[in-house]
1. So, of the residues in segment 123-144 that are hydroxyl-bearing (Ser, Thr, Tyr) and free of Cβ contacts under 8 Å to residues at least 40 places away in the same chain, which turns out to be surrounded by the fewest Cβ atoms within 10 Å (Cβ to Cβ)?
2. Being crowded, with 19+ Cβ neighbours inside 10 Å and over 21 Å from Val508 (Cα atoms) is the filter here, so list the residues in segment 263-278 that pass it.
3. Just to be sure I understand, how many residues within segment 417-441 are of a type in the set (Asp, Glu), crowded, with 17+ Cβ neighbours inside 10 Å and not in a loop (DSSP other than H, G, I, E, B)?
4. Considering Phe53, Phe29, Phe44, which residue is aromatic (Phe, Trp, Tyr) and either modelled with pLDDT under 95 or over 24 Å from Met532 (Cβ atoms) (or both)?
5. Pick from Val321, Val331, Val310, Val337: which is surrounded by fewer than 16 Cβ atoms within 10 Å (Cβ to Cβ) and either at pLDDT below 85 or not charged (D, E, K, R) (or both)?
6. Which number in (1) of a type in the set (D, E, K, R); (2) without any contact (Cβ under 8 Å) to a residue 40 or more places away in the chain; (3) closer than 30 Å to Phe270 by Cβ; (4) buried (at least 17 other Cβ atoms within 10 Å of the Cβ) marks the one condition that Arg411 misses?
7. Residue by residue through segment 179-204, note down the ones that are under 15 Å from Leu37 (Cβ atoms) and in a helix (DSSP H, G or I).
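The values are calculated or read from the model by the stated rules, or taken from the named source; none is laboratory data. These numbers come from a predicted model, not from an experiment. Heads up, the Cβs are rebuilt from the backbone with ideal geometry, glycines too, and the neighbour counts pull from every protein chain shown.
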Amino acid sequence: MKLKRKRNRDIFTSTCSSIINGVISFIIFLLVLVFPLIYNNAYFDILVTKYRFYWVCVVAMLVLCFILSLIMMVIDIMEYNGRHAKALFSRLLPQKWKETFCISDISALVFWGILVISTIQSDYVYEAFWGNEGRFSGLFLMSLYISSYFLISQFWHVKSWLLGLFLFSGMVMCFIGITDYFQLDVLLLRSGKNMIDPSESTIFTSTVGNINTYTAYVALIMGFSGAMFSTAKKSCHLILYYICMVISFMAIILGCSDNAYLSLAALFVFAPVFLFKCRLGIKRYLIMIASFFSVVQLVDWINQKFVDTVIGLDSLFQVIVNFRLLLPITVIMWMLVAGIYYYDKKTDKDALKLDKKPVKIWLLFMAAAMLVIGFIFCDANFGGHAERYGSIGYYLEFKDSWGTNRGYIWRKTVELYMDFKPMHKLFGYGLDTFGILAKYEIGLEMKEATTQSFENVHNEYLQYLITIGATGLIAYIVFIGSAIIRMYKNLESNPYIIGCCFAVICYVTQAVVNINLPIATPMMWLLLSIGMAGCNKKVIANDTK
C-alpha cells in the first residue's frame, strides 16, 4: 500500500512538473524564435513592439504558472493531504536557504529589493516604475527579468531544441543584417512608406534597429555558438556551430559598431581559461582565431570589390582591415592549425594530455598584456603621446568626443553622481530616469557641447550607478559575476551551459559602451536563466519524495 501511494505521488509530481515545464517551454519558444524577428512599423516603433511582446509573454508565463500551481495545490490538498505543497514551501524556510538558494539567487533578490527602494525614494516614482521617460527599463521590466530568472532557473528542465531555435532566429537576423550592409533592404524597412532620413539609414539594421543594439544581440549569438563549437563532440554539431560562429563573426563586423570589438575581445580572452585544459581545446581555439582573421580578410575583399554598394567600415575594424600583415597572419594561423592536427595524429594519445600549466601561462600572459595596455592608455592620456600609436590613438585617448561623445556624458554622469545627496548616492535617482536628470541639470550645456540630447549614459554600469546607486550596481555585478562563476563550475553537468555562459560574458563586456534596451537585454537574462537552470541539479520532485 505504501509503495502504491509513493508511486501515485511520483506520478503527480512528474505530471505537475511537466505541465509547468510545458508552459515555460512555450514562452521560451516565443522569445527565442518570434521576439528577435518581430517588428511592426519598420524601425519607427521597433523598441515599443519588442518591449510589449516581451512583457506580455513573461506576464502570461507568470500568471499561467501561478494559476496552474494553485490548481495543483488544491488537488494536492484533497488527494495527498498537501504533502507536495508542504515539501515545496519547506524549501523556503531559513534553515533550507543554503540548499535552496545559491549566491546568484540571493544577490538577485537583494538586487530586486534595492530596485524597489530606489523607485520608492525617487523624485519620479511613476517614471522610475515604468521607465517611460527612458527606454522602458523601469522597475516593471526589471521585475520581469528577475521573476523569469527564478521561474526558469528553479523549475525548468533545459530543452536543447529551444536553444537550437535561438541560433536559427539569430542566423536569420544576421543574414538580414549582412544584406543591409550591401544596402539590399530585403525587408523594405528603409524604403517606400518606411523611408527614414537617409543620413540615419545606415545606423539601423536587421530586425533589431540601432546598430549598437544589433551588435549587442549578435554578441550573444557569437558567444553561444563560439563556445559550443569549441566543445562540440559530434561532427554534425561541430559543423553547425562552426557555420553559426563564422556567420556571427561576419555579422558583428558588418554591424559597424565599436562595441563589437569588446565582445570579440571577451570571447578570445576568456575562452582559453577552459579550452586550454586539453589539446583539443587549444586546436579549436586556434581555429576560432584563424576563422575570425579569415572573415576580416573576406570583408576587406568585399569592401574593395563592392566599394560603390556596401556601406563601408568606419570603426576599429577599418584599422584591422587596413593592417598590411592581415593576409600573411591569416595564412600562418591556418598553417599552424594544420601543423598541430598533423602532429597530434602522429603522436601517442597519452602524450596529448595536459595539466593546468597552459591555463596558468595564459593567465600570466593576459596579466602582462593588461599591464602593457594600462601603460599605453596612461601614456596616451596623461603623457600626451596618443599620436605615437598611430590609427588606434583615437581609441586610446579619452576625451569628451571619445566614442561619439560618450567621453563627455560619462564625465558628466560621474560629476552629477558626486553631487547627489547620500540617499541618492546609495539608491540612485530612479530606474531609467537619467534623461530627466540630464535635461534639468545639464540640458543646455549638453546640447552646446555635443549637439545631442542624451537620455542614457551609454554605459550600462554607469547608468546603474546613477539610477539605482552604488548599492544597486554592486548587487548587479555580484549577481552577474556569481552566475558566470557558477556556470563555469558546472560546465560538465549540461553541454549548453558553456554556450549560455559565454553569451552572457560577451554581453556584459560590450555593456561598458552600450545601452540596456528591452531588445538584447531580455535575451541575455533568458540565456543566463537557462544556463543557471542547467546548473541546478536539485528539482522539486526530489524534495517531494
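1. Taking the candidates together, the pick is Tyr126.
2. Across segment 263-278, the qualifying residue is only Phe276.
3. Summing the residues that are of a type in the set (Asp, Glu), crowded, with 17+ Cβ neighbours inside 10 Å and not in a loop (DSSP other than H, G, I, E, B) in segment 417-441 gives 0.
4. Answer to the check: Phe44.
5. Only one candidate qualifies: Val331.
6. Tallying (1) of a type in the set (D, E, K, R); (2) without any contact (Cβ under 8 Å) to a residue 40 or more places away in the chain; (3) closer than 30 Å to Phe270 by Cβ; (4) buried (at least 17 other Cβ atoms within 10 Å of the Cβ), Arg411 fails exactly one: (4).
7. The answer is Thr179, Asp180.
Each row is one residue, and each column tells you yes or no for (1) charged (D, E, K, R); (2) modelled with pLDDT of 85 or more; (3) closer than 23 Å to Gly428 by Cα.
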site	(1), (2), (3)
Leu88	no, no, no
Arg91	yes, no, no
Leu109	no, yes, yes
Trp112	no, yes, yes
